[in-house]
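Report on the structure given below.
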Amino acid sequence: MESERASPPEARFYLDFDADEEDEQQQQRKVSSGDGFHHKIEEEDGEDEEEEEEDDALATPRWPQSYRKSMDIYSHMPSPSLNFLTSPNVSRSSLLSTSLGKHYESATSILDPLLTDQEFDKDEKRLTPSLPPPPPPQSHIVTVSSETRLRKTSSTRISPSSDAQDYHHLQLPKQGCTFFQATLNGINVLAGVGVLSTPYALKQGGWIGAIILLLFAVVCCYTGILLRKCLESEPGLVTYPDIGQAAFGRIGRLVISIILYVELYACCVEFLILEGDNLASLFPNAHFSFNGRKMESQKVFSMIAALFILPTVWLRDLSLLSYISAGGVVTSIIVVVSVWWVGAVDGVGFRNTGSFINFGNLPVSIGLIGFCFSGHAVFPNIYSSMKDRAQFNRVLQLCFLLCILMYGGVAIMGFKMFGAETQSQVTLNLPKQFVASKIALWTTVITPLTKYALTITPVALSLEELLPTQVSKNHFASVLIRTSLVTSTLFVALMIPFFGFVMAFIGSFLSLTGSLILPSACYLSISGRRIPKTQAIICVVTIFIGVIAAIAGTYSSVTGIITQYKSR
């Protein structure tokens, strides 16, 4: 595989090698034999066709094909008021008729999305490589179809797509996200509603939760770097499902994709629960009565929020959703500042104390903390979007450092302020008479309204892929799928409106699997015996800790949900 990378672009079209004298003699004997030569040629052609069909099957993109397009929006974060981030042009129509032109379009739509059509045409003429002259007639030619044999002998488990092969060899201009842009993208992925529950995590597990938060951040940063090493191990790997296929074949791709999509779906359920809780806190006397039955305010506001969100999920142009994607960083900072202001300036104070460790609820605490650092689904896309990919490790380290300060700050301040009375969302504890409390509450209410569509869109696109082509292109079918997703998440939110335990379940069962277990397992599978024993031991220990934490956290969170449900 290394020799294939190092070869010049011409090697992609033909390879010349001298024939041995013995081979020439054998060939002459076959020519003279007539029928024998014909028979041999037919056998070789049959073998070539079988190998080409098998390779085409491997090279064909598997479900989900829309994963990269939907996740790229998280790694290209523009804002109409902040002109420092790049925007993906996911809706660019095909400008070129040749296959090589299509490959170039695929590359530039990601690496250089801001080119105008005129500039794109100029660059296409300048960058499209000319075909090499035909080789001498006495040379033996190995065409592109024979290149698949070279890939087979290199023991790779996934064949890169044709797009990835072709634009890998083109001398593309160095476009992409800068260090600063990639850092903001990473923080936006990591910083979310999890910041609201960090004080509750300390209440559940005790002060040791702060130490666990720090340790989890370090380990998750390490596993994020492992994903980068997996991407660099083989050409054509771009997304997390690609890594899963390279490590464990089609089953790996399928399992990782399902886990990531279920996690996104569950986050949308959390958004609706969050809306109901915080709006009910702002308007506690609101209720709805129908046919003599009274519906509590939390459920009423969850339903109202779903109605407001519904039109936003009908959008099929992902670029429209990207304008609100930078809100995660801003809202997290507002929550941090508001909590500090209420405690330090408004006079609530930081006087409460708690136990160092609470073994009974520690697994729930671990699940809540695991939810905070589950950005691995997007890390490969952030890496691919960077101009200088050598800086990815530094970007990741800075993102986790800043998130530790935000998550840890809110966790310590919130638990010191409210102690044993800390609720699943710190905003619910803030006294309503303070301006800072209202700012935090309304910021928390607005965030899900803008991020729900962005979160559910990858799930909707993946479901549309499973439909026949004619049906998936129908706008009515798309609206029906997205409406069904909103309706189903609302139903789950109404049935299980327990924000803290639902978040602990997501963090334990899904987030820990995607951020600790799978990255380490994929890296071990792809690298094999090439990695040092120390690194292999670290990966094995990470997997072991992740499995134990996931099992314990899942069991505790499910038990908590059942207990809460019975006590209603």
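Output yes when any residue across the range 276-288 is over 23 Å from residue 377 (Cα atoms), surrounded by 23 or more Cβ atoms within 10 Å (Cβ to Cβ) and among the small types (Gly, Ala, Ser), and no when none is.
If we filter the range 276-288 for residues that are over 23 Å from residue 377 (Cα atoms), which is where we start, we get 276-288.
Filter again for surrounded by 23 or more Cβ atoms within 10 Å (Cβ to Cβ), leaving 276-278.
If we keep only those that are among the small types (Gly, Ala, Ser) too, we end up with 276.
For the range 276-288, residues over 23 Å from residue 377 (Cα atoms), surrounded by 23 or more Cβ atoms within 10 Å (Cβ to Cβ) and among the small types (Gly, Ala, Ser): present.
How many of the residues in the range 274-304 are touching a helix residue (DSSP H, G or I) at 6+ places or on another chain (Cβ under 7 Å) and more than 14 Å from residue 497 (Cα to Cα)?
Start the filter on the range 274-304 by keeping residues that are touching a helix residue (DSSP H, G or I) at 6+ places or on another chain (Cβ under 7 Å), which leaves 274-284, 286-288, 297-299, 301-303.
The next check asks that each one be more than 14 Å from residue 497 (Cα to Cα); those that pass are 281-284, 286-288.
Residues meeting the conditions: 7.
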How many residues of the range 525-554 are of a type in the set (Phe, Trp, Tyr) and surrounded by 14 or more Cβ atoms within 10 Å (Cβ to Cβ)? The answer is 0
Just need a number here: residues in the range 391-410 that are farther than 17 Å from residue 331 by Cβ, touching a Phe, Trp or Tyr at 6+ places or on another chain (Cβ under 9 Å) and open to solvent by less than 30 Å² (accessible area, probe 1.4 Å). 4
Looking at (1) open to solvent by 10 Å² or more (accessible area, probe 1.4 Å); (2) in a helix (DSSP H, G or I), can you tell me which one residue 427 breaks? (1)
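For (1) under 21 Å from residue 493 (Cβ atoms); (2) under 25 Å from the mean Cα position of the chain (by Cα); (3) in a loop (DSSP other than H, G, I, E, B); (4) modelled with pLDDT of 90 or more, each residue gets a yes or a no:
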site: 306; (1), (2), (3), (4): yes, yes, no, yes
site: 323; (1), (2), (3), (4): no, yes, no, no
site: 331; (1), (2), (3), (4): yes, yes, no, no
site: 337; (1), (2), (3), (4): no, no, no, yes
site: 352; (1), (2), (3), (4): no, no, yes, no
site: 356; (1), (2), (3), (4): no, no, yes, yes
site: 361; (1), (2), (3), (4): no, no, no, yes
site: 368; (1), (2), (3), (4): yes, yes, no, yes
Just one of (1) open to solvent by 70 Å² or more (accessible area, probe 1.4 Å); (2) over 23 Å from the mean Cα position of the chain (by Cα); (3) touching a residue at least 40 places away in the same chain (Cβ under 8 Å) trips up residue 250, so point out which. (2)
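Residues of the range 525-550 being of a type in the set (A, V, I, L, M) and in a helix (DSSP H, G or I), which ones?
Of the residues in the range 525-550, the ones of a type in the set (A, V, I, L, M) are 526, 531, 536-538, 540-541, 543, 545, 547-550.
Residues satisfying the conditions are 526, 536, 537, 538, 540, 541, 543, 545, 547, 548, 549, 550.
The values are calculated or read from the model by the stated rules, or taken from the named source; none is laboratory data. Predicted model only: the values in this text are computed from it and were never measured. Don't worry about glycine lacking a Cβ; one is built from the backbone with ideal geometry, like all the others, and counts go over all protein chains shown. Calculation scope for accessible area: heavy atoms of the full protein, side chains included, ligands and nucleic acids excluded. Shrake-Rupley method; radii C 1.70, N 1.55, O 1.52, S 1.80 Å.
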